[in-house]
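Let me begin by presenting the structure, written as structure tokens, before commenting on it.
Here, each number is a calculation from the coordinates, and none is a lab measurement. The structure displayed is predicted, hence computed values, not measured ones. Every residue, glycine among them, receives a Cβ derived from its backbone with ideal geometry; neighbour counts consider all protein chains shown.
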Amino acid sequence: MTMIFGIPLPALLGQLLIGFINGSFYALLSLGLAVIFGLLRVINFAHGAQYMLGAFTAYLVLAYTGLGFWPALIVAPLIVAMLSAVIERTMLSRLYDLDHLYGLLFTFGLALIIEGTFRYYFGAAGNPYPTPALLAGGTNLGFMFMPNYRGFVVVASLVICISTWLLIEKTRLGAYLRAATENPQLVQAFGVNVPLLLTLTYALGAGLAGLAGVLAAPIYQVSPLMGSNLIIIVFAVVVIGGMGSILGAIISGYMLGILEGLTKVFYPEASNIVVFVIMAIVLMIRPAGLFGKEA
Amino acid sequence: MTSLDHTSEIRSEGTDGTTVTPDRKPGQRDLSTIGFVLAGIAVVGLLVAPFYVYPVFIMSVLCFALFAIAFNLLLGYVGLLSFGHAAFFGGAAYFTAHAAKVWGWEPLSAILLGAGGAGLIGLLVGYLAIRRQGIYFAMVTLALSQMIFFIFLQAPFTHGEDGIQGVPRGYLLGIVNLNDPLNIYYFVLAIFLFGFFAVWRIVHSPFGHVLKAIRENENRTISLGYRVERYKLGAFVMSAAIAGLAGSTKAIVFQIATLTDVAWQMSGEVVLMTLLGGMGTIFGPAIGAALVVTMQHYFASMDFPVTVMIGIIFVLCVLLFRRGIVGEAIRLIRR
């Protein structure tokens, strides 16, 4: 058997794959956070709850209507996005003129309400969600065995990340969005409906979290608390990447997932904290984050 | 940089915080007199309280009130929202519990060890966190406290999920038996009053005035020649140490140190206590803590999830009630 640094190659590659999959979710979630933060200047603490909501919607849709993974992949993010749009319109939008910390505190309260309610009705245990039949089984890549669904997640997350990036950087809507980030008053004066843009942005970010939740359901099981610990890691990812660029959020998401996977191989005890340690190092060397612009 | 301001509504960035609100306008001196009278009544009330109310409950309120007061030193007076204060509260509880149980230390020295340990963790966390401001500061403190949570989860001396149980209350200075309900009550009250007075002194010292200046306008404070980061770090360490004092005392009172006290939910609870009571006010955090602890006590026996209740109060506070109870009261009196 091939060994690298005393570690069997298949074990190393297996952990790398797990790291890449975790990284896919970090990237999807920090992407959503960055999109929301870019325009609204709100750190969306409810992002983990919205991710959980996406997974639970898929689970409940399957349980009550029998609709499987593929319809859920579209329905669940839409439901999460619509709910979030209502919340943004009725409550969050009142906080934009205040210190940004209030947005954080509001979404924190929101996360507690959502997660607490689901925990009350569904308990803390995980509920299994079946892998879609089309992607059951696995493929032997020669050097390792790859479950098809996991390969699909990696590809899907890359596609989602790249298309979101294209949407924001290359389309007309994205141009409005970026302009509104720079100077909302001016864009409003040009006749663009900025409040609507804000609502759509929040819905888009929350929808991305919901989509990540559906993708996660077959891998991590569906549980009310699946988002709460993840969101803190994603916060650290965001601090490492810096909020400056969408691309930065995506790249640091994948990078940290892979680093975490590698840590599991070489020093498993530290795998829980490696992201935070890296955050501490980045703060010492480059406080604005790896891709951050502001000083 | 925007700042959290306790007397006026908080402005968005762009104004650059150039409007400095004075603590009180001329002819409003009487408010501090009211404060002293209320403080006197509160102290007398606390002295006789164990004869009327279940002492363990009041001790729990006192521990959390001190925790919130320590947290408010940072949020209310420097404008820094730490989302990781549980690390100091729960961390100190572990140190104290270990010292009292395994090393057999006398309770007061075990508590001081816990507070000192919390101050040390505060020095490390603060050193990193003050490199970022505003919303990032909150995220960095949250992430670092989560790291500390995992370290406590894995460190052998904390016994993981079980926590450190059966911590002896012991004999204060080798003489006073703290297993006696009244003895431990007055011991906890003394610690609370000491912590309260310490924060009051810090806030009203020249150091505290520089902190408030940083809260109002950091750039202007820098241009006046103050080494702002030293003041921030100093305040962070003091806040962490006093939060640790509260956590250590709780460990002695309840004879247990667990992961609950270091988890991020606890950091959120102390934010809520301070927000509900009124950040940047002297009495607000203690009142907020008393309300939240009472509410948890009440809801524990009901079929309604406490987390949801806490979330609802959070949302209501942020949307409708940003000054908190004491903040609103001050506004009404001054009108």
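Of note:
- Summing charges over all other residues whose Cβ lies under 14 Å from the Cβ of B:Tyr231, with Lys and Arg as +1 and Asp and Glu as -1, gives +3.
- Pairwise centroid distance, computed over Cα atoms, of region B:37-58 with region B:182-197, Å: 11
- Cα long-axis angle, helix A:100-122 against chain A (0 to 90 degrees, to the nearest 10): 50
- Charged-residue dipole, Cβ positions (Lys, Arg, Asp, Glu), region B:52-263 about Cα centre, Debye nearest 20: 660
- Rounded tilt (10° steps) of B:206-216 against the dominant C-alpha axis of chain B: 60
- Crossing angle, helix A:246-266 versus chain A [Cα axis fit, 0-90 degrees, rounded to tens]: 30
- Largest GNM mean-square fluctuation among A:Leu95, A:Leu40, A:Leu141, using chain A with Cα springs under 10 Å: A:Leu141.
- Rounded to 0.05, the FRET efficiency of the A:Arg94 and A:Lys170 pair, given R0 = 35 Å and the Cβ-Cβ distance, is 0.60.
- Estimated vicinal HN-Hα couplings, Hz - region B:310-319 in sequence order (Karplus 6.51, -1.76, 1.60; Gly, Pro = x): 4, x, 5, 5, 3, 4, 5, 4, 5, 7
- Summing charges over neighbours of B:Asp261, with a neighbour being any other residue whose Cβ is under 11 Å away from its Cβ, gives 0 when K and R count +1 and D and E count -1.
- Part-to-part distance (alpha-carbon centres) for region A:213-258 and region B:291-319, which is given in Å: 29
- Close lysine pairs were tallied over chain B: pairs 8 or more places apart or on different chains with Cα atoms under 28 Å apart number 5.
- Residues in region B:164-193 that a label on B:Val43 would reach, taking backbone N under 20 Å of a point 7 Å out along Cα→Cβ: B:183-193
- Dipole magnitude for region B:164-269: computed about the Cα centre from +1 point charges on Lys and Arg Cβ and -1 point charges on Asp and Glu Cβ, it is near 360 debye.
- Farthest toward positive dipole pole in region B:52-263 [+1 Lys/Arg, -1 Asp/Glu at C-beta], among B:Thr260, B:Leu124, B:Phe194: B:Leu124
- In this simple spin-label model, placing a label point 7 Å from the Cα along the Cα-to-Cβ direction at both A:Phe122 and B:Tyr171 gives a separation of 5.6 nm.
- Debye log10 I(q)/I(0) at q = 0.11, 0.14, 0.16 Å⁻¹ for chain B, Cα point scatterers: -0.69, -1.12, -1.45
- Calculated SAXS-style log₁₀ I(q)/I(0) at q = 0.22, 0.29, 0.33 Å⁻¹ - region A:241-281, Debye, Cα scatterers: -0.69, -0.96, -1.07
- Based on the Kirkwood approach, the hydrodynamic radius assigned to the protein assembly as shown is 25.6 Å, with every pair of different Cα atoms included.
- Convex hull per residue volume in Å³, alpha carbons only, for chain A: 144
- Partner shielding of B:73-86 amounts to 1, given as the average count of beta-carbon atoms from other chains within 10 Å of each residue beta-carbon.
- Cα pair count fraction exceeding 18 Å, expressed as % - region B:79-211: 64
- Residues whose placed amide H lies under 5 Å from that of A:Phe145, excluding near-sequence neighbours: none
- Semi-axis lengths (Å, descending) of the ellipsoid that matches the C-alpha gyration tensor of region A:106-218: 36, 24, 9
- Approximate spin-label separation B:His209-B:Ala300, in nm, with each point projected 7 Å along Cα-to-Cβ: 4.5
- Sequence-distant residues sharing a close amide H with A:Val222 (under 5 Å, placed H): A:Asn127, A:Tyr129
- Of A:Gly151, A:Gly32, A:Gly137, the one that fluctuates the most in a GNM where chain A has Cα springs shorter than 10 Å: A:Gly137
- Nitroxide proxy distance, nm - points 7 Å out along Cα→Cβ at B:Ser32 and B:Glu161: 5.4
- Long-range HN-HN contacts of A:Gly138 with modeled amide H, under 5 Å: A:Asn148
- Computing Rg and the Kirkwood Rh from the Cα coordinates of region B:194-235 gives a ratio, Rg/Rh, of 1.02.
- Cβ-based charge dipole, the protein assembly as shown, positive-most Cα from B:Phe36, A:Leu9, B:Asn179: B:Phe36
- Comparing mean-square fluctuations of B:Phe207, B:Phe51, B:Phe157 from a GNM of chain B with C-alpha springs under 10 Å, the top value falls on B:Phe51.
- Debye-sum result for region A:182-295 in log10 I(q)/I(0), which assumes one identical scatterer on each alpha carbon, at q = 0.15, 0.16, 0.18 Å⁻¹: -0.84, -0.92, -1.06
- Net +/- balance of residues flanking B:Ala92 in space, Cβ distance below 10 Å, scoring K and R +1, D and E -1: 0
- Each Lys and Arg Cβ is given +1 and each Asp and Glu Cβ -1; about its Cα centre, chain A then shows a dipole of about 260 debye.
- For region A:3-104, alpha-carbon Rg over 2.2 N^0.38 Å: 1.45
- Dipole of the protein assembly as shown, positive direction: furthest Cα of A:Val222, B:Leu320, B:Thr294, with charges on the beta-carbon: B:Leu320
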